[in-house]
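Beneath this line is the structure, given in C-alpha cells, with notes to follow.
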Amino acid sequence: MDRNSNLYTFIFAVILVVGVAAALAFTATTLKPLQAENVRKEKMQNILSTIGVNVSRDEAGVQFMDFVKEELALNADGSVNEDVDAFKIELMKETKMPKEEQAFPLYIAEKDGKKFYVIPLFGAGLWKEIWGYIALDDDKNTIVGASFDHAGETAGLGAEINQSWYEDQYIGKTIFDENNNFVSVKAVKGGAKSGDMHGVDAISGGTITSDGVTDMVTERLENYLPYFKNN
Amino acid sequence: MMAGNKEGLFSQKNRRLLIDPLDDDNPVTVQVLGICSALAITVQLKAAFVMSLAVMFVLVFGNLIISLMRNLIPNRIRIIVQLIVVAFLVILVDQVLKAYSYDISKQLSVFVGLIITNCIIMGRFEAFALGNGPWRAILDGVGNTVGYAIILIVVSFFRELLGSGKLMGYEVLGHKGKSIAESTGLYHYGYENNGFMMLAPMALITVGIYIWFQRSKNRKLIED
C-alpha cells in the first residue's frame, strides 16, 4: 500500500491512537488501587507530621488511628455535618463551590494528653495547585506544625515550600493578634522581622508561590473561626 | 541490524554515535536544543540527575520505537506520531512510578511536561531514528542524553553551590544560621549565597560560559 496515500495515513493514525489509548487506559486502571493507597497513606503521614509524629508512609495507616481522635466535617457556620466523611472530602472540588455549600474537614488529634486541631489547606501556586495541613495548639491560636506540598512548582524555588526549613518557620506563630483579631500568618518578601508573630520568610525567587501559601492559609483558616468561637 | 551488514556492534562508526554528542556535536551547547529544560531544572543537582535519567529512558526507548516503525510511518503525520510516542512513554513511566515508587514519581511529576516538550527528543526522532536501524538509534539516544546530562550537571553544580551553598542537598559550605555567630563554615566569615544564581538568567550565562570554554578548547568548533 502506498505510504503516502490518504487512506494509509488515516488507518495508521487510527491504529496508533487506539493502540496507545488502550495501553494507557489499561495501565491506569490496573495501577489505580495501588496509587490511591499511596495517596491515602501520604495524606495520613502529612497530617501526623504537623503534630510532630514522623512515621514512614507504610506505618502511617496504623498510627493515624492512634492519634487522630475525631474527624469532623464542618458547615460554613461552624456546626458539624454528621453526614459527611471528613477524610473523603476533596478540597479541590469543595473550593470551587460557594462558601455556604462547602464542607470543611477538621481533624482533632491527641498527643501526650494534649489536643491539637489539624486543618487541611488547598490553594493555587504559580503553576498548579498547592495544599497542606496546619496544626493548631489547644489555644486554637498557636501553630504547632505545618506541612505543605505542591503539584508542579519550580524545583529549587517555589517547590521549596515542602522543605522543612520553610515549614518549620510556621511553628510557634500565632494566627490572632493581641486584640484577638484574625490576622493569619503571612510569607513576607525580603524576610519577616525577627519577633514577628504573624510572618515568615518568603522564598527568594518563589514570590508567587509564597503569596499563594499566604492566601491559602488565610482563606482556609478563616472558615474555621465560627467553629473555634463556639467550641 | 540490516541483513548482510557485517558491521560490529561497536564499530568506529557506531562509537562515534556515542562520543560525538558529548563534545563536538553536543545537543545543548552546539545544536542549542533542550535549552528550556536546562534553564528550568538546574537549580539543584539532584533534580538535574533525575531529569537526565528520565530523558534517557524516554529518548532511548522512543528512538527504538520510532526506528522500528520507520518504514511504516506515513510521512505527512510523522511529527504527530513522534509526539504520541513521547507522550505515551512519559505517561507510562509516570503511572508505574506512582504505583510502585511513589517518592520518585513525586520528584518527577514536575518534569513530565518538560520531557514531552524537550526539543532534543523530537530532534533525534526526526533527524536520526526515522532514518536509522534500531541498534544505531539506541546508541544515538544514549549518546545524546549523556551529552545533555553533562551540561545539566555542570550548570546545576555551579548554580546549587553558588546559589544555595549546597550540593545534592548537603550544606557543603557550612550552615547559615540567623546571625554570623550562629553560622559555621564559610558563612562564619561573612560569606553570602548569590541569590542571583537561583534565577533563570544565570543558567543562560552559565551555559554561555561553558560554550566559551568548550569553543576555546575544541578546535573543530572554531568558526573562521
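The values are calculated or read from the model by the stated rules, or taken from the named source; none is laboratory data. It should be emphasised that the depicted structure is a prediction, and the values quoted were computed from it without experimental measurement. Because the Cβ atoms are built from the backbone with ideal geometry, glycine has one as well, and the counts that use them run over all protein chains shown.
The set of residues in region B:103-122 that are of a type in the set (Gly, Ala, Ser) and surrounded by fewer than 17 Cβ atoms within 10 Å (Cβ to Cβ) comprises B:109, B:113. Can we say residue A:31 is surrounded by 13 or more Cβ atoms within 10 Å (Cβ to Cβ), under 30 Å from residue B:74 (Cβ atoms) and among the hydrophobic types (A, V, I, L, M, F, W, C)? No.
Of A:156, A:191, which residue is within 14 Å of chain B (Cβ to nearest Cβ), crowded, with 16+ Cβ neighbours inside 10 Å and at positive phi? Give the steps one after another, and end with the answer.
Details: A:191 fails: crowded, with 16+ Cβ neighbours inside 10 Å.
Answer to the check: A:156.
Scan region A:111-137 for residues that are closer than 19 Å to residue A:203 by Cβ and aliphatic (A, V, I, L, M) and jot them down. Within region A:111-137, A:121, A:124, A:126, A:130, A:134 meet the criteria. With the checklist (1) facing another protein chain (nearest Cβ under 10 Å); (2) surrounded by 17 or more Cβ atoms within 10 Å (Cβ to Cβ); (3) more than 17 Å from the chain's Cα centre (by Cα); (4) of a type in the set (Phe, Trp, Tyr) in hand, flag the one item residue B:100 doesn't pass. For residue B:100, the failing item is (2).
Here is the figure for region B:48-72: residues that are under 24 Å from residue A:6 (Cβ atoms) and either buried (at least 20 other Cβ atoms within 10 Å of the Cβ) or acidic (Asp, Glu) (or both) total 1.
When region B:78-95 is filtered for residues that are facing chain A (nearest Cβ under 8 Å) and surrounded by fewer than 16 Cβ atoms within 10 Å (Cβ to Cβ), only B:80 remains.
Would you point out which residue out of B:172, B:207 is closer than 19 Å to residue B:36 by Cα and away from every other protein chain (no Cβ under 14 Å)?
The match here is B:207.
The single condition from (1) out of contact with any Lys or Arg (no Cβ under 8 Å at 6 or more places or on another chain); (2) modelled with pLDDT of 85 or more; (3) more than 8 Å from chain A (Cβ to nearest Cβ); (4) more than 23 Å from residue B:163 (Cα to Cα) that residue B:63 fails is (1).
Scanning region B:113-120 for any residue that is among the β-branched types (Val, Ile, Thr), out of contact with any Cys (no Cβ under 6 Å at 6 or more places or on another chain), assigned to a helix (DSSP H, G or I) and within 14 Å of chain A (Cβ to nearest Cβ) turns up at least one such residue.
Within the set A:91, A:136, A:72, A:126, the sole residue that is surrounded by 16 or more Cβ atoms within 10 Å (Cβ to Cβ) and more than 16 Å from residue A:221 (Cα to Cα) turns out to be A:126.
Does residue A:70 meet the test of being within 14 Å of chain B (Cβ to nearest Cβ), among the acidic types (Asp, Glu) and within 22 Å of residue A:131 (Cβ to Cβ)? It is false that residue A:70 is within 14 Å of chain B (Cβ to nearest Cβ), among the acidic types (Asp, Glu) and within 22 Å of residue A:131 (Cβ to Cβ). Applying a threshold of 7 Å to beta carbon distances and a minimum spacing of six or more residues, or different chains, the list of pairs starting in region A:24-43 at a residue that is more than 8 Å from every other protein chain (Cβ to nearest Cβ) and ending at one that is basic (Lys, Arg) and part of a helix (DSSP H, G or I) reads A:41/A:57.
Quick grid of which residues meet (1) within 14 Å of chain B (Cβ to nearest Cβ); (2) touching a residue at least 60 places away in the same chain (Cβ under 8 Å):
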{"site": "A:126", "(1), (2)": "yes, yes"}
{"site": "A:145", "(1), (2)": "no, yes"}
{"site": "A:167", "(1), (2)": "no, no"}
{"site": "A:206", "(1), (2)": "yes, yes"}
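Residue B:154 fulfils the conditions (1) touching a Phe, Trp or Tyr at 6+ places or on another chain (Cβ under 9 Å); (2) at pLDDT below 90; (3) of a type outside the set (Gly, Ala, Ser); (4) surrounded by fewer than 23 Cβ atoms within 10 Å (Cβ to Cβ) except for a single criterion, (2).
Filtered by the rule that a residue be more than 7 Å from chain B (Cβ to nearest Cβ) and either surrounded by 14 or more Cβ atoms within 10 Å (Cβ to Cβ) or more than 44 Å from the chain's Cα centre (by Cα) (or both), region A:1-16 gives A:1, A:2, A:5, A:6, A:7, A:10, A:11.
Residue B:125: closer than 12 Å to residue B:59 by Cα and modelled with pLDDT of 90 or more, yes or no? Spell out how you get there, then give the answer.
Working: closer than 12 Å to residue B:59 by Cα: yes; modelled with pLDDT of 90 or more: yes.
Judged against the criteria, residue B:125 is a match.
Residues that are closer than 25 Å to residue A:11 by Cβ and more than 19 Å from the chain's Cα centre (by Cα) are absent from region B:106-127 altogether. Of the residues making up region B:26-55, those that are away from chain A (no Cβ under 14 Å) and either of a type in the set (Ser, Thr, Tyr) or assigned to a helix (DSSP H, G or I) (or both) number 4. Quick check: is even one residue across region B:206-213 of a type in the set (Ser, Thr, Tyr), under 27 Å from residue B:21 (Cα atoms), in contact (Cβ under 8 Å) with a residue 40 or more places away in the chain and in a helix (DSSP H, G or I)? Within region B:206-213, one or more residues are of a type in the set (Ser, Thr, Tyr), under 27 Å from residue B:21 (Cα atoms), in contact (Cβ under 8 Å) with a residue 40 or more places away in the chain and in a helix (DSSP H, G or I).
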